[in-house]
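The values are calculated or read from the model by the stated rules, or taken from the named source; none is laboratory data. Since this is a predicted model, take the numbers as computed values, not measurements. Because the Cβ atoms are built from the backbone with ideal geometry, glycine has one as well, and the counts that use them run over all protein chains shown.
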Amino acid sequence: MDKLLAETLYYEMVRGRAFEYAAKEHYMQGDISGFLHLDIGQEALSVGAMKAFAKGDVFSTYREHIMALARGITPKAVMAELFGKEAGVSEGKGGSMHLFDPSHFFYGGDAIVGGHLPNAVGCAYARKFQGEEHGVMAVFGDGATNGGAFFESLNIAAAQKLPLLFLCENNEYAIGTKITRVAPFEKQAKKAEPYMPAIEVDGMDVVAVYEAVSEAQHYLEKGHGPIFVEAMTCRYEGHSMSDPNSYRSTQEMALCKARDPIERMKKVLQEQYGMDAGAIELLETKAQNEIDEAVSFAAEAEEPAPEALMAHVFTEGGTHALS
Amino acid sequence: MDKLLAETLYYEMVRGRAFEYAAKEHYMQGDISGFLHLDIGQEALSVGAMKAFAKGDVFSTYREHIMALARGITPKAVMAELFGKEAGVSEGKGGSMHLFDPSHFFYGGDAIVGGHLPNAVGCAYARKFQGEEHGVMAVFGDGATNGGAFFESLNIAAAQKLPLLFLCENNEYAIGTKITRVAPFEKQAKKAEPYMPAIEVDGMDVVAVYEAVSEAQHYLEKGHGPIFVEAMTCRYEGHSMSDPNSYRSTQEMALCKARDPIERMKKVLQEQYGMDAGAIELLETKAQNEIDEAVSFAAEAEEPAPEALMAHVFTEGGTHALS
Amino acid sequence: MLYREALNKALDETMAVDDTIVVLGEDVGRYGGSYRVTEGLYAKYGEKRLIDTPIAELSIVGNAVGMAIGGLRPVAEIMTANFALLAFDQIINHMSKYHYMSAGKITLPMVVRFPQGVSKQLAAQHSESYEQMLSAVPGLKVLAASDVNYAYHALKHAVMSDDPFVFIEHELLYNKKGEVDLKTPLDPFKARIVKEGSDVTIVSYLKMVDDVMAAVPKIEEALGCSCEVVDLCSLNPVDYDTLKASIEKTSRLVMVEEEHKTGGYGAQIVSWAAEKMFYTLDAAPLRIAGADVPIPYNRTLELLSIPTPDSIAEQIIDWGRRNDV
Amino acid sequence: MLYREALNKALDETMAVDDTIVVLGEDVGRYGGSYRVTEGLYAKYGEKRLIDTPIAELSIVGNAVGMAIGGLRPVAEIMTANFALLAFDQIINHMSKYHYMSAGKITLPMVVRFPQGVSKQLAAQHSESYEQMLSAVPGLKVLAASDVNYAYHALKHAVMSDDPFVFIEHELLYNKKGEVDLKTPLDPFKARIVKEGSDVTIVSYLKMVDDVMAAVPKIEEALGCSCEVVDLCSLNPVDYDTLKASIEKTSRLVMVEEEHKTGGYGAQIVSWAAEKMFYTLDAAPLRIAGADVPIPYNRTLELLSIPTPDSIAEQIIDWGRRNDV
Ligand SMILES: Cc1ncc(C[n+]2csc(CCOP(=O)(O)OP(=O)(O)O)c2C)c(N)n1
Ligand SMILES: Cc1ncc(C[n+]2csc(CCOP(=O)(O)OP(=O)(O)O)c2C)c(N)n1
Ligand SMILES: [Mg+2]
Ligand SMILES: [Mg+2]
């Protein structure tokens, strides 16, 4: 990995975490409402995967802020969305759980656990149909791997040999329920065994995630069909702002934080790429500034006009002329 | 296997087939309507499984006449149901696809492909809860193994170690669609691999089916959790009476019929149990007579009264007194 | 031409000119569709565009949503309305909402088609109607094809539109005969005056339109009145203008539908009329609908559970006598 | 006592006396339920009776159906109404029909509970209401708990009944305070007169009851009239007797609901009144309901999408002025 990329990965993680802390703060201040799911602790996964899969389409969940940023959507557009403003990426209509931007091949932002997986399958079908080789990535949690939509998707993607990367963010919990209490084993890649190859990766190591997802994308490009990547990770906060996170012990949390992806990558930058503390701090400051600007932007941005209520139920006109 | 059991298996298969031919005839005559799914060709599976699993609960599909009979529901009650009569096992309200009789631990008769599987899981939970050891069997086709309900059931049954036997009747087709066109492999037991052990059996051999299901039930009784049995079989008729069956070649049908389960068991009776042609014919005649009587009974039975329309939407009273 | 042939023609003609249109569903390809609506299309357009799916309705609709996101124009077939329940999450939480939630960034040019209703003794799990549920979902356009010409034009419109459509057919209409008028354009959102009349407006849709028409001579004779029969065609949006004009003429409204009466679709029409046309109505409106029971298998009971030409005539005549029609 | 505590108490008391009652759902056990309705029950009844399920709503309801077949009395919790769509096949094709299809041989003593409605900025996939869909399904009894006392008694009834119930809660009611009257028995199928009045009958249910009550003083002052406020409580079956008596007294009907207006539940009530009480009504009925849009995230838009005390008052006053109330 070249230095620029390594720096970028670090930068995106730091910026992502800064974004999340800012969102948390402004949620507590009442500027943001609804369900806010923070990705703190999972930055390596979100950033590594998005950067590696830059060319393909991505379908994700409600815990998608950092992915949207790593995808190239501006912090301003994302923060403004959380603030419910017109300048938000979904014009204030979607909020935190529904960030969409087809110009960045980023499709949500789905708040139905597993609900976006059949959509990703369909999009992969479209890409294969179009001869587009980069394929599609679907990101989902361990909790999603128990639902019908997930299994149907594995089966269909395999039967039709679709270019689809299943990326399981296994943080071991679905809200307060530990995965091993509701599934017969810990690693959910096992569920994909009958259908496709799987790669297991440490989700707290951004370089490893980047490499695993890159490898998986090459596999897709070869036309062999779908592939599964499972990354073990850990969220530092409660499930959403309304979850007290009381089901995990202090010890469990400490173990988890000892694997911190940002600290780890910082070390890599220092030890492997010879960056000094000053250079790293510069990156951190830049990231924080970007987020501060995003917050100011979001705070000052306009509310949508009341007429926005009735807009976008349907397309204008709605009818496609046949050539 | 003792001779009595072997004879019983043969008898049930012959009686089952006779039932199906009678149903077909009376469908063509207009006495039976709706969707009629015949089980001809698959008798070994239906009979072998039901006889082996006599003590447990069974959840099945719309192709369940022979199972209902092998379970002990009378041909009269089943035929009357097909004729839509009040004396039918579901009083004419369910029809061919909805045979229910809790007194025989037989619960349908479900016409939503895969829809009964979560029900079977729930019932297995109840049995485990009650300390009832015989467990539950869910019967389903190859087509059902692509649906979310099936996968969720595998996962839950395994996570909760439920006494549930998944019996897949793989006749290779879901209406006109060959299983290998919509799933990535031919044997669907592969889908259960991450969750539970599987037994593969020749579904055209009633003795083998009986033994496999018996073995599976012993496994359940030991409390190890669920088990999967897959039986390759073949239906001789179209999917239902409205399916012309044009997607299978004459050659494919001939190969299939060469494995006829009844002919095969007849040979076993003759060669292994020393039964002569006369004794076998006696069984056959008895079976046919039973069916003829069932048809006469059904034909003469009463239509439900018009008041039946509004009955059974809810229970009478509907409230359970707390002790 | 038969109704199913008109649907087939609509698919064929649109697929011929736009090769991003794909059809997916159970047995829609090689088999030609369980009601033969897609017959011949597999041979013509191949398996890339006529996609035989596994029995996984959630995925059928969910994949169609994803195909539309990816730039295709999918037409998804669900074999029977009851099975569409398995796809309600995708229809309601995804198909109907992505355009709005994304403030128009995601567009879903797609159609979900299915037959519904009471056919003949298919029993409770194969006989239902879900227009009341689906017409209540903002973001979906819901059409119900009662006749051959409408089926052709409306399906073509739905396939060519950039909005998500639910296109409802009826199991007993597939072999209905009729003409397709290729020359006269048809607005699929406009209600159809099936028969003009001056004294009673009878509103209906889908298969019940024929049953109403079969009942009308008897009604007109018994009450000495003239009935106007309106086929809604589009269940959402509703062509209230046509309804209004008709009720202004007749001052009387009867709504006939096959669904269970409680919570059935017709309640929306009658409640609209009560709210907006109250002072125009000369008589209490009448709603004729199915019984509030799961559909029984037995034929006699089955026919008792839904309106028939006879029961429609009987109820309207009785109502007419009680209300000075 | 809080609304959620009343629900908890109902579960606790029934579970204490009948050990075939089990509760299943996502996070209902160790976690105590995402709205804390099942708090404390896991410690008391253990993991056999408080079952934490995977995120698989189809199975949650489907398993409950099977448990009921197997002799248990399951109470299934769905975390939010929108996710119930994933279980519509089990609710509608199975739970509502097995008793009928088996001619009474299968009995399903079970409850499916969930919160619904617009809370605060949860956006389109977490803010919907499905009573209109579920009340239209024969074979289900559908209750909607608007207050603490009703919540307690009605849930107890549902758990103890041998019929399948859908029990609807509202996200904004969980912390509502109220008294539980343990001495007075309560018929869960009887509508509740929340406030007596003589000039206008305002019918509502669930959270809108409170919003209507908040609007009433303003309405009464502006129109100089007296409003009777009726909480339906049971959405299917409906207590038409109580409605009839009230409308006979007031001659005027307003229906208020949170759902999207098109196809919303209230259409059933208004259309019933139009059909059965037409000659008693002195004015066109009024239906106040949500906008026909997916629920937007932005708070201002969100509040524009549903009735609020202010908009209810405004619409009723405007209607009253136009209709000589
Ligand atoms: C179908 C559905 N059921 C339930 C929920 C409520 N819910 C939201 S997130 C969540 C947990 C998901 O866990 P997981 O998939 O592991 O993702 P994570 O939150 O850990 O990233 C649940 C139960 C939902 N949004 N959708
Ligand atoms: C959910 C659902 N989708 C579609 C159907 C229509 N359908 C009935 S049977 C069938 C094929 C089932 O095939 P399989 O499971 O292999 O069983 P078989 O008929 O071969 O015994 C289909 C598609 C249905 N009944 N339910
Ligand atoms: Mg998780
Ligand atoms: Mg099959």
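Observations, loosely collected:
- In summary, A:L38 fulfils each of the numbered conditions (1) in contact with a strand residue (DSSP E or B) (Cβ under 9 Å, 6 or more places away or on another chain); (2) buried (at least 24 other Cβ atoms within 10 Å of the Cβ) with the single exception of condition (1).
- No other residue among D:A136, D:A154, D:A103, D:A76 is at pLDDT 95 or above and either part of a helix (DSSP H, G or I) or in the same structural domain as D:D211 (by TED's automatic domain parsing) (or both) apart from D:A154.
- Of the criteria (1) within 16 Å of ligand 2 (Cβ to nearest atom); (2) in contact with a His (Cβ under 6 Å, 6 or more places away or on another chain), which one A:P118 fails: (2)
- Pick from the stretch C:59-81, criterion touching a Phe, Trp or Tyr at 6+ places or on another chain (Cβ under 8 Å) and polar (S, T, N, Q), ranking: surrounded by the most Cβ atoms within 10 Å (Cβ to Cβ): C:N63
- Options C:D187, C:D147, C:D199; residue that is in the same structural domain as C:E220 (by TED's automatic domain parsing), modelled with pLDDT of 95 or more and within 24 Å of C:G266 (Cβ to Cβ): C:D199
- For the stretch B:144-154, the condition of being touching a helix residue (DSSP H, G or I) at 6+ places or on another chain (Cβ under 6 Å) and outside any helix (DSSP H, G or I) holds for none of the residues.
Per-residue answers, yes or no, for (1) under 22 Å from D:H99 (Cβ atoms); (2) within 16 Å of ligand 3 (Cβ to nearest atom); (3) among the acidic types (D, E); (4) facing chain A (nearest Cβ under 10 Å):
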residue: B:Y107; (1), (2), (3), (4): yes, no, no, no
residue: B:G115; (1), (2), (3), (4): yes, no, no, no
residue: B:N119; (1), (2), (3), (4): yes, no, no, no
residue: B:C123; (1), (2), (3), (4): yes, no, no, no
residue: B:H134; (1), (2), (3), (4): no, no, no, no
residue: B:F140; (1), (2), (3), (4): no, no, no, no
residue: B:F151; (1), (2), (3), (4): no, no, no, yes
residue: B:A157; (1), (2), (3), (4): no, no, no, yes
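- Matching residues, the stretch B:121-143, being in a helix (DSSP H, G or I) and within 13 Å of ligand 2 (Cβ to nearest atom): B:D142, B:G143
- Single match in D:S198, D:S204, D:S251, D:S226 (criterion: of a type in the set (S, T, N, Q) and surrounded by 19 or more Cβ atoms within 10 Å (Cβ to Cβ)): D:S204
- Subset of the stretch C:230-248 [crowded, with 21+ Cβ neighbours inside 10 Å and either in a helix (DSSP H, G or I) or at pLDDT below 95 (or both)]: C:L243, C:S246, C:I247
- Of residues in the stretch A:169-201 being of a type in the set (S, T, Y) and either over 22 Å from A:D39 (Cα atoms) or crowded, with 17+ Cβ neighbours inside 10 Å (or both), the one farthest from the other protein chains (Cβ to nearest Cβ): A:Y173
- The residue of the stretch A:176-191 that is farthest from ligand 3 (Cβ to nearest atom), among those that are within 21 Å of the chain's Cα centre (by Cα) and under 30 Å from C:A64 (Cβ atoms), is A:A189.
- Residue that is surrounded by the fewest Cβ atoms within 10 Å (Cβ to Cβ) [pool: residues in the stretch C:9-51 that are among the charged types (D, E, K, R) and in contact with a strand residue (DSSP E or B) (Cβ under 6 Å, 6 or more places away or on another chain)]: C:R49
- The one condition from (1) under 20 Å from C:T262 (Cβ atoms); (2) part of a loop (DSSP other than H, G, I, E, B) that D:S198 does not meet is (1).
- Within the stretch B:217-261, the set of residues being more than 16 Å from B:N170 (Cα to Cα) and under 17 Å from the mean Cα position of the chain (by Cα) comprises B:Q217, B:S240.
- Residue match in the stretch A:189-198 (condition: within 12 Å of ligand 1 (Cβ to nearest atom) and touching a Pro at 6+ places or on another chain (Cβ under 6 Å)): no
- Helices (runs of 4 or more DSSP H) (entirely within the stretch B:19-100) containing at least 1 residues that are under 26 Å from B:C123 (Cβ atoms) and within 16 Å of ligand 4 (Cβ to nearest atom): B:43-52, B:65-70
- Every residue from the stretch B:179-204 that is basic (K, R) and in contact (Cβ under 8 Å) with a residue 24 or more places away in the chain: B:K187, B:K191
- Residue list for the stretch D:263-291, filter: touching a strand residue (DSSP E or B) at 6+ places or on another chain (Cβ under 6 Å), more than 20 Å from D:I193 (Cα to Cα) and not in a helix (DSSP H, G or I): D:G264, D:A289, D:G290
Here's the yes/no breakdown for (1) over 18 Å from the mean Cα position of the chain (by Cα); (2) without any contact (Cβ under 8 Å) to a residue 24 or more places away in the chain; (3) facing chain B (nearest Cβ under 8 Å):
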{"position": "D:P54", "(1), (2), (3)": "yes, no, yes"}
{"position": "D:I60", "(1), (2), (3)": "yes, no, no"}
{"position": "D:N63", "(1), (2), (3)": "yes, no, yes"}
{"position": "D:G66", "(1), (2), (3)": "yes, yes, yes"}
{"position": "D:L72", "(1), (2), (3)": "yes, no, yes"}
{"position": "D:M79", "(1), (2), (3)": "no, no, no"}
{"position": "D:L86", "(1), (2), (3)": "yes, no, no"}
{"position": "D:S96", "(1), (2), (3)": "no, no, no"}
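- In the set (1) within 14 Å of chain B (Cβ to nearest Cβ); (2) free of Cβ contacts under 8 Å to residues at least 60 places away in the same chain; (3) under 23 Å from B:A159 (Cα atoms); (4) in contact with an Asp or Glu (Cβ under 7 Å, 6 or more places away or on another chain), the condition left unmet by D:K105 is number (3).
- Verdict on B:H239 being away from ligand 3 (no atom under 16 Å from the Cβ) and surrounded by fewer than 18 Cβ atoms within 10 Å (Cβ to Cβ): no
- In the stretch D:186-233, the residue that is nearest to the chain's Cα centre (by Cα) out of those that are more than 23 Å from D:S135 (Cβ to Cβ) and of a type in the set (D, E, K, R) is D:K195.
- Within the stretch C:274-298, being closer than 30 Å to B:M310 by Cα, within 7 Å of another protein chain (Cβ to nearest Cβ) and either under 24 Å from the mean Cα position of the chain (by Cα) or free of Cβ contacts under 8 Å to residues at least 60 places away in the same chain (or both) holds for C:A274, C:A284, C:P285, C:L286, C:R287, C:A291, C:D292, C:V293, C:P294, C:P296, C:Y297.
- When the stretch C:40-58 is filtered for residues that are charged (D, E, K, R) and either part of a helix (DSSP H, G or I) or within 16 Å of ligand 2 (Cβ to nearest atom) (or both), the ones remaining, listed by number, are C:K44, C:D52, C:E57.
- For A:E132: the one exception among (1) at pLDDT below 95; (2) within 14 Å of ligand 1 (Cβ to nearest atom): (2)
- Filtering the stretch D:300-317 for residues that are farther than 21 Å from D:G117 by Cα, in contact (Cβ under 8 Å) with a residue 60 or more places away in the chain and not basic (K, R) leaves a non-empty set.
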